[in-house]
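Student: Handing you this structure, nothing more for now.
The values are calculated or read from the model by the stated rules, or taken from the named source; none is laboratory data. This structure is a prediction, so every number in the text was calculated from the model and none was measured. Virtual Cβ from ideal backbone geometry, glycine too; neighbours counted across all protein chains shown. Just so you know, the surface numbers come from the protein's heavy atoms only, side chains and all, with ligands and any DNA or RNA stripped out. Shrake-Rupley method; radii C 1.70, N 1.55, O 1.52, S 1.80 Å.
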Amino acid sequence: MREFTHEARPMRVVLRAGASVTAVPDEVERLGLRRVLVVSGPRGAATARTVADALGDACVGVHAEARMHVPAEVADRAVEVVHAADADGCVAVGGGSAIGLGKVIALSTGLPLTAVPSTYSGSEMTPVWGLTEDGVKRTGRDPSVLPRSVVYDPELTRSLPVALTVTSGVNAVAHAAEALYAPDASPLVALTAEEGVRAMVDALPELAASPVDLAARGRALYGAWLCGAALGATTMGLHHKLCHVLGGTFGLPHAETHTVLLPYVLAHNAPAAPAAMTSLGRALDTDDAPLALRELAVGLGAPRTLAELGLARADLTVAARAAAEQAYPNPRKVTAEGVLDLLRAAYHGVRP
Ligand code: NAD
């Protein structure tokens, strides 16, 4: 008998082509909101305005100032704008950075959040928020930051460049992979994670060949939803902690870092997580999931090494120590030497 605990998250999810325009007004109305503020990053401002136009009188403005890792001053300014506009809710349109700002607004104000994701980051499915102050990123879990409603519109993702499509897709796969060996995984999480990986890895080669293919965009978003849901239901392990250190302390780019590192962390954890590897192997149709993942990503043009991402060789030891001194669950015992070995391999890009 497999014993488990599973907690379902109270969210509505809509996936439909055109939903950012056709479904968002309905979702906002269902929540009883009349004065929502739409937030996005500067590059997503035009899309955010389209969503705002569809909301009509139910929208009090667009605030297009989200930035990566939610700097505290950006969060403070957004909360001021929410209060000044007397908003009763927030709609975040964009990638993990825009949704991250929406979450911090929800955390500070208690107002309900609707998320309209335009990447595969999966942040919309997790109760995890992040805030960067004085160069240090803090994260926490709070149910109040979970979007009440998530609207996936494959049309929005047609403009996602191929490079970011691939790395953001592997970012989603990383969520599912760590959920599969998390101590709080359940049978439902395992099914969700495996199907999420299958959908994403099926869609990525098609999207690299034809980035505007709406059906493939829809499959990738479906995969991102499932992978994000698996992450949202579980506790993250070594891979996410290490990416957090490399992004937070050394400024490495989020999705790219996940993409380079994942095969190496999986190869490292594989001996201690046989069931997760079997599941990933089924989804990837291989008996060597770490290698297959790396070949998929590199074959689609993703970066191969941490050196390419701008990490200095001297930083490897510092990063290994930082990742080893925190406490978190991981199937294989985390030691500074073990982490350094895998970081060295990822730095040089040797076969995982
Ligand atoms: P992002 O939101 O920073 O977007 C990356 C770039 O892509 C931006 O320049 C953006 O303008 C552009 N972009 C986004 N969607 C686009 C589209 N459809 N077409 C064209 N350009 C588009 O990057 P991300 O990888 O989505 O998110 C990364 C952030 O999210 C990090 O801060 C990370 O820590 C956070 N995150 C949090 C969680 C969580 O559970 N809390 C999960 C995943 C990621």
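Student: Quick one: Karplus J couplings for the range 333-346, per residue in order, coefficients 6.51, -1.76, 1.60, θ = phi - 60°, nearest Hz, x for Gly and Pro?
Tutor: 3, 8, 10, 4, 5, x, 5, 4, 4, 6, 5, 4, 4, 6
Student: Additional query: From largest accessible area down, sort Phe250, Phe4; use a 1.4 Å probe on the protein chains.
Tutor: Working: Phe250 55, Phe4 115 Å².
Highest to lowest solvent-accessible surface, that is Phe4, Phe250.
Student: Please calculate how many Å² of accessible area the chain carries per residue, with a 1.4 Å probe and no DNA, RNA or ligand atoms counted.
Tutor: Solvent-accessible surface per residue comes out at 41 Å².
Student: Related question: Roughly what % antiparallel, to the nearest 5, for the DSSP beta bridges in the range 1-145?
Tutor: Among the beta bridges of the range 1-145, antiparallel pairing accounts for roughly 30 percent.
Student: By the gyration tensor of its Cα atoms, with a ≥ b ≥ c the square roots of the eigenvalues, what is the shape of the chain: rounded for a/c under 1.5, prolate for a/b over b/c, or oblate? The partial results should precede the final answer.
Tutor: Details: a/c = 1.68, a/b = 1.49, b/c = 1.12.
Prolate shape, in that a/c is at least 1.5 and a/b is the bigger ratio.
Student: Now, a different point. Arg67: net charge of surrounding residues, Cβ under 12 Å, Lys/Arg +1, Asp/Glu -1, itself excluded? All intermediate terms of the calculation are to be shown ahead of the outcome.
Tutor: Numbers: positive: Arg43, Arg77; negative: Glu65, Glu73.
Here the charged neighbours net out to 0.
Student: Okay, moving on. Could you work out which residue, out of Leu291, Leu55, Leu101, moves most in a Gaussian network model of the chain, that is, has the largest mean-square fluctuation with Cα springs under 10 Å?
Tutor: Of Leu291, Leu55, Leu101, the most mobile in the Gaussian network model is Leu291.
Student: Per DSSP H run of at least 4 residues, take -39500 (n - 2.57); add these up for the chain, divide by its residues and hand me the 222 nm value, nearest 500 deg cm²/dmol.
Tutor: On the way: 14 runs with 183 residues, N = 352.
It comes out at -16500 deg cm²/dmol, rounded to the nearest 500.
Student: So, counting K/R as plus one and D/E as minus one, what does the shell of residues with Cβ under 11 Å around Val14 add up to?
Tutor: Working: positive: Arg12, Arg16, Arg30; negative: Asp26, Glu27, Asp153.
In short, 0.
Student: Still on this model: Shape of the range 279-344 from its Cα gyration tensor (a ≥ b ≥ c, root eigenvalues): rounded if a/c is under 1.5, otherwise prolate when a/b > b/c, or oblate? Kindly include the intermediate steps, with their values, before the conclusion.
Tutor: Working: a/c = 3.17, a/b = 1.33, b/c = 2.37.
Oblate, since a/c reaches 1.5 and b/c is not below a/b.
Student: Taking the chain as a Gaussian network, where each spring joins two C-alpha atoms under 10 Å apart, which residue of Ala220, Ala190, Ala84 fluctuates the most?
Tutor: Ala84
Student: Next up: Shape of the range 162-348 from its Cα gyration tensor (a ≥ b ≥ c, root eigenvalues): rounded if a/c is under 1.5, otherwise prolate when a/b > b/c, or oblate? Provide the component values of the computation, followed by the final result.
Tutor: Working: a/c = 1.82, a/b = 1.25, b/c = 1.46.
Judged from the Cα gyration tensor, the range 162-348 comes out oblate (a/c at least 1.5, b/c at or above a/b).
Student: Return the long-range amide H neighbours of Leu37 (sequence gap of 5 or more, or a different chain), with a cut-off of under 5 Å between placed amide H atoms.
Tutor: Val60, Asp88, Gly89, Cys90, Val91
Student: Right, next: Could you run the Karplus curve 6.51 cos²θ - 1.76 cosθ + 1.60 with θ = phi - 60° over the range 31-44 and give me ³J(HN,Hα) per residue in whole Hz, x for Gly and Pro?
Tutor: Working through the residues one at a time gives 7, x, 9, 10, 9, 8, 9, 8, 10, 7, x, x, 6, x Hz.
Student: Rank these residues by their accessible area, most exposed first, probe 1.4 Å: Ser123, Ser144, Ser40. Walk me through the numbers on the way to the answer.
Tutor: Values: Ser123 25, Ser144 55, Ser40 0 Å².
Ranked from most to least accessible, the order is Ser144, Ser123, Ser40.
Student: Just tell me which lysines come within less than 23 Å, Cα to Cα, of Lys103; anything on the same chain fewer than 8 places away is out.
Tutor: Filter leaves Lys137, Lys241.
Student: Amide H of Leu252: which non-local residues (sequence gap of 5 or more, or other chain) have their own amide H closer than 5 Å, using H built in the peptide plane?
Tutor: Gly247
Student: As a test question: what accessible area, to the nearest 10 Å², does Glu195 have when a 1.4 Å probe is rolled over all protein chains in place?
Tutor: 60
Student: Continuing with the same structure: Ranked by accessible surface with a 1.4 Å probe, highest first, in what order do Arg2, Arg219, Arg16 come? Working shown, then result.
Tutor: Working: Arg2 135, Arg219 80, Arg16 110 Å².
Listed by decreasing accessible area, they come as Arg2, Arg16, Arg219.
Student: Could you check how much of the accessible area of the chain is carbon and sulfur, as a whole percent, using a 1.4 Å probe?
Tutor: On the chain, the fraction of accessible area on carbon and sulfur atoms equals 52 percent.
Student: May I ask for the net charge around Arg198, where only other residues with Cβ less than 15 Å from the Cβ of Arg198 are counted and Lys, Arg are +1 while Asp, Glu are -1?
Tutor: Working: positive: Arg219, Arg282; negative: Glu194, Glu195, Asp202, Glu206, Asp285.
Summing Lys/Arg as +1 and Asp/Glu as -1 gives -3.
Student: Using the Karplus equation 6.51 cos²θ - 1.76 cosθ + 1.60 (θ = phi - 60°), what ³J(HN,Hα) coupling, rounded to whole Hz, does each residue of the range 159-176 give in order, writing x for Gly and Pro?
Tutor: For the range 159-176, the Karplus curve yields 8, 5, x, 4, 4, 6, 4, 5, 5, 5, x, 6, 4, 5, 4, 4, 4, 5 Hz.
Student: Can I ask one more? Identify which of Gly130, Gly95, Gly338 has the largest mean-square fluctuation in a Gaussian network model of the chain, with springs joining Cα atoms closer than 10 Å.
Tutor: Greatest mean-square fluctuation among the candidates belongs to Gly338.
Student: Moving on. Solvent-accessible area of Asp184, probe 1.4 Å, all protein chains present, reported in Å² to the nearest ten, please.
Tutor: Surface accessible to solvent at Asp184 totals approximately 60 Å².
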